[in-house]
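Read the structure below first, then the notes.
The values are calculated or read from the model by the stated rules, or taken from the named source; none is laboratory data. Keep in mind the model is a prediction, meaning the values are calculated, not measured. For neighbour counting, all protein chains shown are included, and Cβ atoms are generated from backbone atoms with ideal geometry for every residue, glycine included. Keep in mind that these areas ignore ligands, DNA and RNA; they rest on the heavy atoms of the full protein, side chains included. Shrake-Rupley method; radii C 1.70, N 1.55, O 1.52, S 1.80 Å.
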Amino acid sequence: MLKAVLFDLDDTLIDWSGVTDSWEARDQQLIQGVFDYINEEVSPLSDFNALMTAFRNCTRNAWDNGRSNLRAPHLGRVLVESLTTVGIPPEQIDERRCLEAYNWGVAPGLVTFPDVPAVLELLIEKGVQIGIVTNAHQPMWMRDRELEQLGLLDYFPTCRISAADARYIKPHPQIFEHALQCVDVRPDEAVFVGDNPVADIAGAQGAGIKAVLRVRKAMSSMLTGLIVPDHTVHSLEELPPKLDEWFPEWR
Ligand SMILES: [Mg+2]
């Protein structure tokens, strides 16, 4: 019996291909907010470039560690570490204020894939729970701002999981188990949909969940014979017919 469909977020539900700002330019803008907060409320800080460099290094280290031990990077901790590196005493830094000052939001050009709303609506109409599991280093409340602006938040009232909150990144089974608990279903009652063969497909299968790969043109070279999705779709419209085959009673 199908009880839940869990989705990856980036490049599965939302399309980053139209985002033209470089990460560097975006980071610069976001870190400016943190720099201003520290200057105005904590302690004078003169060298913006030193903070940028520290932030880039700390971010890279956190993701390098994450990729090796699957412990999730956390943006709040990265910001505190970056500020500590440039001489701000950690006890003076309010992590939540740093995250608010970072002021993450929708990147210009980021959109919901057009095939997403109809499929989510169908699943909800048929009583199937839906959830999001994202390998984000931001706590979920920050990514919720994007979901809200992109018209997706109302579809996911209960299950939205960021790796930063779950403490592990996909493909670690713990983040998938966390999601299953969130919707209160067994692995064989769920399907996972994502675009990353390792994180989403191998990860979900490792947790006992059927995994559907959403293929984008740019990633075909990443596919290897080692990871075999249970099904592949080019559009989410192809998902319901596959669910009919796997779970004949679901609608
Ligand atoms: Mg993705």
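Summed over region 38-77, residues that are surrounded by fewer than 16 Cβ atoms within 10 Å (Cβ to Cβ), among the small types (Gly, Ala, Ser) and closer than 15 Å to Glu95 by Cβ total 0. Selection of region 164-204 for residues being of a type in the set (Gly, Ala, Ser), within 16 Å of the ligand (Cβ to nearest atom) and touching a residue at least 40 places away in the same chain (Cβ under 8 Å) yields Ala164, Ala166, Ala179, Gly194, Ala199, Ala204.
Residue-by-condition table, conditions (1) open to solvent by less than 40 Å² (accessible area, probe 1.4 Å); (2) under 18 Å from the mean Cα position of the chain (by Cα); (3) charged (D, E, K, R); (4) not assigned by TED's automatic domain parsing to the domain that holds Pro117:
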| residue | (1), (2), (3), (4) |
| --- | --- |
| Ile175 | yes, yes, no, no |
| Val191 | yes, yes, no, no |
| Val212 | yes, yes, no, no |
| Pro229 | yes, no, no, no |
| Pro241 | no, no, no, no |
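Considering (1) at pLDDT 95 or above; (2) outside any loop (DSSP other than H, G, I, E, B), the lone condition that Met219 does not fulfil carries the number (1). Can Thr158 be described as open to solvent by 40 Å² or more (accessible area, probe 1.4 Å), hydroxyl-bearing (Ser, Thr, Tyr) and in contact with a Pro (Cβ under 8 Å, 6 or more places away or on another chain)? Taking the combined requirement at face value, the residue does not satisfy it.
Considering region 111-201, the qualifying strands (runs of 3 or more DSSP E), each wholly inside and each with 3 or more residues that are of a type outside the set (D, E, K, R), run over 129-134, 190-194. The helices (runs of 4 or more DSSP H) located wholly in region 1-110 that include 3 or more residues which are in contact (Cβ under 8 Å) with a residue 60 or more places away in the chain, more than 16 Å from the ligand (Cβ to nearest atom) and not β-branched (Val, Ile, Thr) occupy 23-41, 95-102.
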